[in-house]
Each structure stands twice: as C-alpha cells, then as structure tokens.
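The values are calculated or read from the model by the stated rules, or taken from the named source; none is laboratory data. This structure is a prediction, so every number in the text was calculated from the model and none was measured. Counting neighbours? That spans all protein chains shown, and the Cβs are built from the backbone with ideal geometry, glycine included.
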Amino acid sequence: MIFDYAIIGGGIVGLATALALPESSSVILFEKEPQFAAHQTGRNSAVIHSGIYYKPGTLKARMAVDGNRSMVEFCRAHAIPFDICGKLIVATGDAEVARLRKLEENARGNGVATRWLDAAEAKEIEPHVSAVAALHVPSTGVVDYRLVSEAMARSIRGQLELSCRVLAIENDRLITTNGDFRARTIINCAGLFSDRLARSRNIRIVPFRGEYYDVTGASASLVRTLIYPVPNPDFPFLGVHLTRGVEGHVHAGPNAVLALAREGYRWRDINLRDSFETFTYGGFWRLAARNWEEGGREVLRSVSRHLFAQSVQRLVPGIQERDLHRSRAGVRAQALLPSGALADDFVIERRGNAIHVCNAPSPAATASLEIGKYVAAEAAKGCRL
Ligand SMILES: Cc1cc2nc3c(=O)[nH]c(=O)nc-3n(C[C@H](O)[C@H](O)[C@H](O)COP(=O)(O)OP(=O)(O)OC[C@H]3O[C@@H](n4cnc5c(N)ncnc54)[C@H](O)[C@@H]3O)c2cc1C
C-alpha cells in the first residue's frame, strides 16, 4: 500500500499535523517511543503562550497568537483541564523597565492585550514579587501538553505506529525498524532529530537542556500564577520563571545548558555521535565565541542549587533554597545556522515530496494546531494524490 501521507514524530507538532490532513486521505504516523509526547512536548513548562515576545509578522508571532485561541478551543472541546491564569513579567530594577516597555510595544504589534503595572499594582496580582514595574498578560495560561497530545492521537484517523523508528527517507520510501513503508508525501516532525532526517546542510539542531526544580513547602504558596523575568534580548530563551501548573504544583525553570546528547536529560547522558556533530559544527563555535560568558554562568547555575535559587529569589525573594527540588528536564530542539545565529522563526521547508519541520522550538506547543494547519496546506499544494 502507498499512503498519501507519512508523518515522522509523535510529538504535538506531528500529531497536530496528522489531525489537519484531509479526512479522505490515508495517513500513517511513526513514533520511535512506546508513547506519544515523550520528548519536548512532555517535558516543557506547560505554558499556553500569548505571543508577546516574537517579532510581528513572523510565523512564531502569528501562530502563537492564533494558537493560544485554538489551543483553548481544543481543550474545551476535549474536556482537557487548562487555566488561563495570566502571567506577570517583572522588572526588578530600573534598567529592566526600558526593556519591558519594548516588550509592551512588541505585544501591541502582535495584537496581544497587556496591562502596565506599578509596584503596588503588581503586588495585587502576585503579593510576594519584587518588582519596580510589571507587565500583566491576561491571555497566558497553563495546560498539560501530554493530555493534549493524547487527545489529538485519539482523534486521528490513520495508522499510528508506536515504537517504530524511521531510519531513513529515500524518495517515497521510509525505511523503519518495522520494515519499509511508502508514502506520496512525507512530513518530518522529528523534533530533536529533524535535521538528521532532512539531511540538512543549512541547519543543525543543537540541543539545549532546560532544567527545572519543584518548588514545595511554604515557598510554593508565594506563587499564585506565572512569574517571569524580563528576557535578556541577547539570549533566545525566556529566562528562569515560576509556574503554577494546571494541577496546582509550582515549578521553577528552565535554565539553558548545552546537552551532550540530543535526548540528554542529565549531565551524565552523553552521546558520542550527537556531541561530535555539535562540536564539529562551525556554527556552534561562532555561537560559543559570542556567548561564552553567559554560557559559563548557565553551567554554574546548572550544577549549583544555590545559584539557581538566587535567580528565582530575584523574582520572589521569600523563596527558600531548601524548598527547591530537582525535577525532570527537557531538551530544546533549537536550530543553529552556520553563521552561529539561532534560527529565530519556525523553519518549515519543502524538498521534493517531503516537508521538513526543521525548527519548532517554543512556543510550538502553543502554536501546534496552527503549525499543523500550515503544514497540511503546504502538503496539499504539492500534492500528487
Ligand atoms: C524545556 C522546554 C520548555 C518549553 N516550554 C514551552 C511552553 O511552556 N510552551 C510552549 O508552547 N512550548 C514550550 N516548549 C517548546 C515545545 O515543547 C516544543 O516546541 C514542542 O513540543 C515541539 O513539538 P515537536 O512535536 O516538534 O517535538 P517533540 O515533542 O520532541 O516530538 C518529536 C517526536 O519525534 C520522535 N522522533 C524523532 N526521531 C524519530 C524517528 N527517526 N522516527 C520516529 N520518531 C522519531 C521523537 O521520539 C519525538 O516524540 C518548551 C520546550 C522545552 C524543551
């Protein structure tokens, strides 16, 4: 049998793409793990982003804003618990106020409503924050993306092949650990391995681990919703933040350290091929040359709970180091260009009969339903059904 579409990857992007394909088509989805959402999708901050950070006009900006709405609709339709609790981005010193104003302007450019707060108003929302000013973003929320993925998988009409790794793509053939399959259009949503399957020369996935701590005891009661720092504009990640998840527990993170394996969730997880690919890539060394100081600080914070606690205490001074307990980490599939620049936007490329989702880092969980619709529309354009 020749399938109309084969999708590689049972994370939220692959699943959302399968959902968006025409119902009349035959679809097969391959996931190498025995369950869906085992990697980025199941190991993230669980935030439904609002779309304030991304440059107006980019795919990220558009799909995060629309994705915020479509994710909420999906959760409602499938009875998945979520909470649009809003978030507070806090400027802890005067130097951060100007950067926060820029973020407010950017949010306006993306059509996202925000409210500027002085210190007293910020404390009405989060009584324990240390802020000289803050930006409130009411449309941000929380959800468990594993539950969302499971609901997506249940809704897909097609063949779902779990525990089946795609080893290579050769024209319309997929060589897998369960034998060969054929498909007219192949869609690569393999996250941390998407560049390898795409055999991309322009892009390399460089894995950045994000580590979390559970916040327990009296410290947890100091956080009502989501508390974020003002992001460092020279750094692509949002900074360590505090999140009260939909089930009520509070976590702090993620930091960002280079992982020595693409699925390296601990320092001792080392994969020689993955590390070789990172360290022989010119783009990595160009990135490292520009960011060695920040990178060094991140490594120290990764190995020291004390330093991690200090970052969190900048936001909420009352949080105690003894109430922080290491929890599971995630690894971001961040595409790096040969110039050493991190790919800023989502990257979705067509080559022959294949579409490769080569860069879908945060906020791709929020934006997943929009990415899925976009990829399905792209697939239909070149469709040879
Ligand atoms: C620490 C962290 C925090 C984040 N926080 C947020 C957040 O709060 N909100 C948000 O919107 N986004 C967040 N993100 C981003 C979001 O989680 C990802 O953008 C999103 O999950 C990407 O989904 P995906 O399907 O592309 O990748 P994945 O979830 O990684 O799925 C890819 C799948 O492909 C499978 N696969 C790989 N190779 C093969 C192969 N050869 N054969 C078969 N299967 C294969 C993998 O096993 C995996 O299941 C965060 C990410 C991280 C890492």
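Worth a mention:
- Filtered residues of segment 1-18 (kept if within 15 Å of the ligand (Cβ to nearest atom) and in a loop (DSSP other than H, G, I, E, B)): 9, 10, 11
- Options 326, 301, 332: the member that is at pLDDT 95 or above, on the phi < 0 side of the Ramachandran plot, out of contact with any Pro (no Cβ under 7 Å at 6 or more places or on another chain) and of a type outside the set (S, T, N, Q): 326
- Answer residue from segment 309-330, given it is small (Gly, Ala, Ser) and part of a loop (DSSP other than H, G, I, E, B) and is nearest to residue 37 (Cα to Cα) among those: 329
- The lone exception for residue 167 - which of (1) among the aliphatic types (A, V, I, L, M); (2) out of contact with any Lys or Arg (no Cβ under 9 Å at 6 or more places or on another chain); (3) more than 10 Å from the ligand (Cβ to nearest atom) it fails: (3)
- In segment 94-110, the residues that are over 21 Å from residue 124 (Cβ atoms) and of a type in the set (Gly, Ala, Ser): 95, 98, 109
- In segment 144-164, the residues that are under 21 Å from residue 367 (Cβ atoms) and within 9 Å of the ligand (Cβ to nearest atom): 145, 149
- With respect to the conditions (1) assigned to a loop (DSSP other than H, G, I, E, B); (2) near the ligand (Cβ under 10 Å from one of its atoms); (3) farther than 24 Å from residue 329 by Cβ, residue 68 lacks only one, and its number is (1).
- When the residues of segment 28-60 are filtered to those that are more than 14 Å from the chain's Cα centre (by Cα) and outside any loop (DSSP other than H, G, I, E, B), the one that is farthest from residue 14 (Cα to Cα) is 59.
- Answer residue from segment 214-266, given it is part of a loop (DSSP other than H, G, I, E, B), of a type in the set (A, V, I, L, M, F, W, C) and over 18 Å from the mean Cα position of the chain (by Cα) and is surrounded by the fewest Cβ atoms within 10 Å (Cβ to Cβ) among those: 260
- Residue in segment 149-163 that is assigned to a strand (DSSP E or B), among the aliphatic types (A, V, I, L, M) and crowded, with 19+ Cβ neighbours inside 10 Å present: no
- Of the residues contained in segment 172-185, one or more are found to be in contact with a helix residue (DSSP H, G or I) (Cβ under 7 Å, 6 or more places away or on another chain) and at pLDDT 95 or above.
- Leading residue by the ranking (surrounded by the fewest Cβ atoms within 10 Å (Cβ to Cβ)) among those in segment 19-40 that are among the aliphatic types (A, V, I, L, M), within 20 Å of residue 365 (Cα to Cα) and more than 7 Å from the ligand (Cβ to nearest atom): 20
- Qualifying positions in segment 331-385 - in a loop (DSSP other than H, G, I, E, B) and either within 11 Å of the ligand (Cβ to nearest atom) or under 20 Å from residue 62 (Cα atoms) (or both): 343, 344, 345, 346, 360, 361, 362, 363, 364, 365, 366, 367
- Of all the listed residues (307, 324, 272), the sole one being under 30 Å from residue 122 (Cα atoms), among the hydrophobic types (A, V, I, L, M, F, W, C) and out of contact with any strand residue (DSSP E or B) (no Cβ under 9 Å at 6 or more places or on another chain) is 307.
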